[in-house]
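For reference, the structure is listed below as C-alpha cells.
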C-alpha cells in the first residue's frame with residue numbers, strides 16, 4: 001500500500017515539476033533574449049560615427065550650422081572644430097588631439113583650407129573612416145593651398161584680400177568686407193553674407209603657403225562636393241584633386257559659390273551621410289578600396 005501510495009504521489013507531482021521547469025525555461029529564454037538585444041543595441045550605438053567638421057579660412061565653426069541641423073535630424077552626433085588657422089601643422093595637431101578623444105568611427109569633413117588640415121590630422125588614426133572635402137583643398141605631399149589654387153586659372157581671391165601685419169612679422173589675411181559676398185558667398189542671402197563678412201576669421205599667409213607633409217586621401221576613402229562658381233578655388237582645381245584622389249563620389253553644385261556649407265547644407269549633408277552609409281558600416285567598402 002505504501003509503495004502504491006508513494007508511486008501515486010510521485011505521478012501527480014511529476015507534471016507539476018515539468019510545468020515549473022518549462023516556465024523557468026521560458027522566463028530564462030525571454031531574459032536572455034532581452035539581454036542580447038540590449039547588448040546588440042549598445043554595440044550598435046557605440047559604433048555610430050561622430051561627424052567632425054573643420055571650417056576653413058575666412059569662416060568659423062558657425063559656418064556649419066545648417067549642416068549640423070541637418071545631421072541632427074538624421075540622428076548623428078557632430079562636433080564643429082574651432083580651426084585656429086595659424087599653420088597646417090599646428091592646426092592639424094589641434095584637430096588630431098580632438099579626434100583621439102573620440103571613441104568609435106569618425107567621418108572627418110573639411111571646408112576650403114580645412115582640407116589640408118583634415119588631410120594631415122587623420123594620419124595614424126584608424127577610427128577615421130573617410131574624408132569629405134567640401135569645396136576644399138586635398139593636397140599631395142609638398143603642395144600648399146597657394147600652389148594648388150594657382151594650378152588652373154579662375155581664382156579672384158588675391159585681389160579681394162586685405163593683409164594685416166602681425167607682431168611676429170607674419171601676415172593675417174582677411175577678405176575685404178565690400179568684396180566678401182561676391183568673392184566668398186555669392187549664393188548666400190545678402191544679410192547672411194554681411195554677417196559672415198563681419199565675423200570672418202583670418203588665416204595666416206604662412207598657413208596657406210605651408211606644404212603638406214602627408215596625404216591621407218591616398219589610403220582613406222574620400223568624397224568631394226563643390227560649386228561650379230567657386231571664386232576662391234577654381235572648379236578645375238577641385239575637379240583635378242577629386243579625380244586624383246580617386247574619390248568615391250564627386251558632386252558638383254551648378255551655380256554654387258565657395259560657401260556651400262552655408263548655401264547648400266542639405267546637399268553637403270547628403271554627401272556626408274553617403275560617406276557614413278558606405279564607410280562606417282561593415283567595412284566591406286574599405287576592403288574593396
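General remarks:
- Calculated FRET efficiency, residue 151 to residue 176, Cβ-Cβ distance, R0 = 22 Å: about 0.35 to the nearest 0.05.
- Gain on full stretching of the segment that runs from residue 90 to residue 65 - 0.36 nm per residue minus C-alpha separation: 6.5 nm
- Over segment 49-287, the Kirkwood radius and the radius of gyration, each from Cα atoms, give a ratio Rg/Rh of 0.94.
- Hull volume per residue, based on the alpha-carbon atoms of segment 154-202 and their convex hull, is 73 Å³.
- Building the convex hull from the alpha-carbon atoms of segment 179-289 and averaging its projection over directions returns 8.1 nm².
- Extended-chain gain in nm, criterion 0.36 nm per residue less alpha-carbon gap, residue 192 and residue 249: 17.6 nm
- Contour minus Cα-Cα distance for residue 162 and residue 98 (0.36 nm per residue): 19.9 nm
Throughout, read-outs are computed from the coordinates displayed, never taken from laboratory work. Treat the numbers as computed from the prediction; the structure is a model and nothing was measured. Methodologically, a virtual Cβ is constructed for each residue, glycine included, from the backbone with ideal geometry; neighbour enumeration extends over all protein chains shown.
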